[in-house]
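The structure under discussion appears below in the form of structure tokens.
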Protein chains: 2
Amino acid sequence: MQWYTPVPTAATGLSCRGCGGTYPRTYMLDCPACHSLLQVEYDLEALAALRPGDLRGDTLWRYAPFLPIGDPRHFISLGEGLTPLLRLPRLGQRLGLRHLYLKFEGTNPTGTVKDRSTATAIAAAQEFGFNAVAVVSTGNAGSSIAAYGARAGLKTFVFCYARAAQPKMHHMAACASHLILYRGGYDDLIRIYDRLMEEMPIFEAGASRSTYKMEGKKTIAYETFEQLGNQAPDYFVAPVAVGETFIAAWRAFNELFAIGWAGKVPTMVAAQSSEANPIVEALRDGGPIRPRPIGYTIAEGTAVGNPERKGEWALQILREGKGLAADASDPEVLEAQALLARTEGMWAGPTGCVPLAALRKLVTQQALDPDAVIVCVASESGLKGEYAPVEREAIEPDEAHLRAILREGLAAG
Amino acid sequence: MQWYTPVPTAATGLSCRGCGGTYPRTYMLDCPACHSLLQVEYDLEALAALRPGDLRGDTLWRYAPFLPIGDPRHFISLGEGLTPLLRLPRLGQRLGLRHLYLKFEGTNPTGTVKDRSTATAIAAAQEFGFNAVAVVSTGNAGSSIAAYGARAGLKTFVFCYARAAQPKMHHMAACASHLILYRGGYDDLIRIYDRLMEEMPIFEAGASRSTYKMEGKKTIAYETFEQLGNQAPDYFVAPVAVGETFIAAWRAFNELFAIGWAGKVPTMVAAQSSEANPIVEALRDGGPIRPRPIGYTIAEGTAVGNPERKGEWALQILREGKGLAADASDPEVLEAQALLARTEGMWAGPTGCVPLAALRKLVTQQALDPDAVIVCVASESGLKGEYAPVEREAIEPDEAHLRAILREGLAAG
């Protein structure tokens, strides 16, 4: 809660996931030699010299040594991070899980986990001298980039698909300097967009390639570790659209293990919508990811049929770490949403309930140890969603009628 | 972020604001002798023995010694509190204010400041052995009570006016065990409801009388104090519907002053909607509050024309402390909302923007010192609101067209 001096970043540069080439910490969308994805490298010895008690502050910049931004003047914040990790005793009992936790990302400033990656994206845009940022979004990333872009005084080009939920649309329209609605889905636009980002002086803040952006999402894992009393969970259930949250959490848990803070790396569990499940299919059937055309899903944020190179990375993590994956249909997602609300009082959006719905399937398949510590990500607030109107008759304020309603309610089981 | 042992409550009992009678810490809706409002009393010497560094934890229960709940098993939480206090440099410059801060309550679990009072209300309901709670709400309090009631496994009777925004309605319908929609406004139902609460075994969790509930809202002031580096601000701008947040913040700042933590009590500033402004009118015109019938306002949470005894208390605070008050029309509220989004990236709901809109009026009237430290409450997330659909034409994903849009945007001012 107090003013503090941040611990400096331990980032040393970038490395290529393909050819292994190394580069300084500059703005690059992929490897100049082989066009593979780049990742940020850190001085693990410097990190290992730290202790959890050295971390200070109540935003995502608490984890500054693990993040790729050098100059604290670029530590932009709207108060993201330090979201609740809630134990779910009632829901756990229903599912037969003894140590079930929800990492609820709805309390971030724009209501989703995106604020974590946006914070490091906009910080990097400032660090590398950009005046404009752009993103392709189904709504959540767009709201977040628009908000943090406004906070930093940057121009924001937000490309949003025209079917996005109205609450997200309003949010973007209020914060973005340029909101562009497009027909079709993410997969229809992304290749055109990627080419334009190569030629324009605009910081690309999308999930598919951005190196610096993804780093912010690592903080979901550091927080989980701290909130469990400096322990890693046994399972970490995360949504996979492009794969950003999933890969970032895995990277963070591996860092914590490598520097000796955590005694293990959790088993990673990938959750997808049944309408957009190429990674679940690839893990089940073997072989590479087969991109698929996708239909509409109420879990808007998961509507990616071709997760490209980050999807391949996520699949590799699953295969090498003996991870699990499951998908959930729209009705299963809505059922998980209602169950979470009624048993624990948490109101998460459909996109945010894909992991819980997928977890329920894995429990049915007896794929998880019921005594394990399981952390399930809920990536967005229920307030981000758009639903059919509540159909319920309104009554007149009549004392006798209200008394009868209360008596009946009190008497009922 | 860590597990911690809370400091025990310093609450000693209740006192009557009318006759001065004192009572033990039990469930009472008002004074049995004179029917005036009750308030919780604390052992200020015990509190004065504490230092800010003694506070632990990352929910509202960090402030347990200042709250009226004895048994830590009743410390219910969905991760409320520790909301961001954001400095607003761009907006401050626009308004000519050098030290303007926003206390953004939209990052609470249900998206509003209500979660603070709900936490102590539901905790008290458990402490006093209730199995059911009730509330009359325009939406925000109802969502919050429904959520925390579900978390505690209590029955929840939520009376909500039928015109509440759909996002709030969905939230309540998902979490409440009993959601009852009624025709008319808060003022039409509240007297009937108050009588029913006297006769039923239901914990009354409404704002008009509840003693324990209001205490949770004090935490907005303790946090502000901590986030300013253990200092009270010069002005604290809070919304007044029934007056709960306003009174609670004033009580908390007075406690901090009384125990020697704070060097001053801020000048309190009351903000109301022009559609429901009886306290602004009474302060301007002198004399008592004249209840008024009210029309619809987009700032739903402020739609109270007769704030009753808590309103009188708020007026007394304003008069005795030389406080300020201002109201804002719906267009002024929407203008403040858009300004906040565009200049600082914060998306607050209409109810939440009443204080900022009122502050702008007071600045125009030169009623505040522009060099002062001013904290303005934004009580809800913008995601709680319902707005007209965004009218914007969607384009085809065509490379040349998109390139032209980006070039034009980059070239523009």
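Read-outs: derived from the displayed coordinates by stated rules, not from any lab. Everything quoted here is computed from the prediction, not taken from an experiment. With ideal geometry, Cβ positions are generated from the backbone for all residues, glycine too; neighbour counts draw on all protein chains shown.
Points worth noting:
- Think of it as helices only: each DSSP H run of n ≥ 4 in chain B is worth -39500 (n - 2.57), and spread over all residues that comes to -11500 deg cm²/dmol at 222 nm.
- For the stretch B:268-330, radius of gyration divided by Kirkwood radius, i.e. Rg to Rh on alpha-carbons: 0.94
- Estimated D of the stretch B:1-61 in µm² per second, where Rh is the Kirkwood radius over Cα pairs and Stokes-Einstein applies at 20 °C, 1.002 mPa s: 158 µm²/s
- Exposure proxy ranking, count of Cβ atoms within 10 Å, fewest first, for B:Met214, A:Met169: A:Met169, B:Met214
- The stretch B:319-413 - Debye-derived log10 I(q)/I(0), Cα point model, q = 0.10, 0.16, 0.21 Å⁻¹: -0.44, -0.82, -1.07
- Across the stretch A:236-323, Cα pairs under 8 Å and at least six residues apart give a relative contact order of 36 percent.
- Teacher prompt: A:Arg284 distances to equivalent labels in other copies, 7 Å Cα→Cβ, nm: 6.6
- Here the Kirkwood formula puts the hydrodynamic radius of the stretch B:134-258 at 15.8 Å, using every distinct Cα pair.
- Overall size of the stretch A:311-371 from C-alpha positions, given as principal axis extents largest first: 37, 27, 18 Å.
- Cross-link check: pairs B:Lys103/B:Lys310; A:Lys103/B:Lys155; B:Lys155/B:Lys218; A:Lys168/A:Lys322 evaluated at a Cα-Cα cut-off of 32 Å; pairs beyond the cut-off: A:Lys168/A:Lys322.
- Stretching the chain fully between A:Arg319 and A:Ala367 yields a gain of 15.7 nm (0.36 nm per residue, less the alpha carbon separation).
- Given charges at beta-carbon only (K, R positive; D, E negative), |dipole| of the protein assembly as shown in Debye: 600 debye
- Kirkwood-based Rg to Rh ratio, the stretch B:1-151, C-alpha trace: 1.02
- Taking all Cα pairs closer than 8 Å and separated by 6 or more residues, the relative contact order of chain A comes to 16 percent.
- Relative to the longest principal axis of the Cα atoms of chain B, the long axis of helix B:186-199 makes an angle of roughly 30 degrees.
- Summed over all non-identical Cα pairs, the Kirkwood treatment of the stretch A:215-333 gives a radius of 14.5 Å.
- Considering only A:His74, A:Leu55, A:Ala11, and ranking their Cα positions along the charge dipole of the stretch A:1-101 that arises from unit charges at the beta-carbon of Lys, Arg, Asp and Glu, the one farthest toward the positive end is A:Leu55.
- Kirkwood hydrodynamic radius over Cα pairs of the stretch A:111-174, then Stokes diffusion coefficient at 4 °C and 1.567 mPa s, in µm²/s: 112 µm²/s
- If the Kirkwood radius is taken over C-alpha pairs of the stretch A:69-170, then at 20 °C and 1.002 mPa s the Stokes-Einstein diffusion coefficient equals 142 µm²/s.
- In terms of its Cα atoms, the protein assembly as shown spans 82, 59, 53 Å along the principal axes, sorted from long to short.
- Dividing the radius of gyration of the alpha carbons in the stretch A:294-336 by their Kirkwood radius gives 1.04 for Rg/Rh.
- Cα pair distances of the stretch A:255-413 binned at 10 Å [whole percent]: 10, 30, 29, 17, 8, 6, 1
- With coordinates expressed along the principal axes, the C-alpha atoms belonging to chain A extend over 74, 51, 46 Å, beginning with the largest.
- Filtered GluC sites (Glu not before Pro), the stretch A:311-413: DSSP coil and at most 14 other beta carbons within 10 Å: A:Glu391, A:Glu393
- In this structure, A:Ala412 and B:Arg292 have a Cβ-Cβ separation that, at R0 = 35 Å, corresponds to a calculated FRET efficiency of about 0.35.
- In angstrom, the C-alpha Rg and Dmax of the stretch B:337-384 are 11.3, 33.
- Mean projected area of the convex hull spanned by the Cα atoms of the stretch B:231-278, taken over all viewing directions: 3.3 nm².
- Counted over chain B, the DSSP beta bridges are approximately 30% antiparallel.
- As an equivalent ellipsoid, the stretch A:214-258 spans semi-axes of 17, 11, 9 angstrom, where each value is the square root of five times an eigenvalue of the C-alpha gyration tensor, largest first.
- Cα centroid of the stretch B:122-197 to Cα centroid of the stretch A:96-123, whole Å: 28 Å
- Remark: the stretch A:168-211 projects, on average over all directions, an area of 3.9 nm² (convex hull of Cα atoms).
- A simple spin-label model places the labels of A:Gln93 and A:Arg195 5.9 nm from each other, with each point 7 Å out along Cα-to-Cβ.
- Sorting B:Phe157, B:Phe66 by the number of Cβ atoms found within 10 Å of their own Cβ, with the fewest placed first, yields B:Phe66, B:Phe157.
- The per residue volume of the convex hull around the alpha-carbon atoms of the stretch B:39-94 is 161 Å³.
- Structural descriptor for the stretch B:108-178: relative contact order 31 percent, calculated from alpha carbon pairs under 8 angstrom and at least 6 residues apart.
- For the stretch A:181-223, trypsin sites (Lys or Arg not before Pro) are listed when DSSP marks them as loop and at most 15 other Cβ atoms sit within 10 Å of their Cβ; the list is A:Arg183.
- The stretch A:253-304 shape via C-alpha gyration tensor axes, a/c threshold 1.5: prolate
- Relative exposure of A:Tyr212, A:Tyr23, B:Tyr235, judged by other C-beta atoms within 10 Å (fewest first): A:Tyr23, B:Tyr235, A:Tyr212
- Scattering profile of the stretch A:363-412 at q = 0.17, 0.20, 0.22 Å⁻¹ [log10 I(q)/I(0), Debye over alpha-carbon scatterers]: -0.81, -0.84, -0.90
- Local electrostatic count at A:Gln231 - Lys and Arg +1, Asp and Glu -1, tallied over other residues with Cβ under 13 Å: -2
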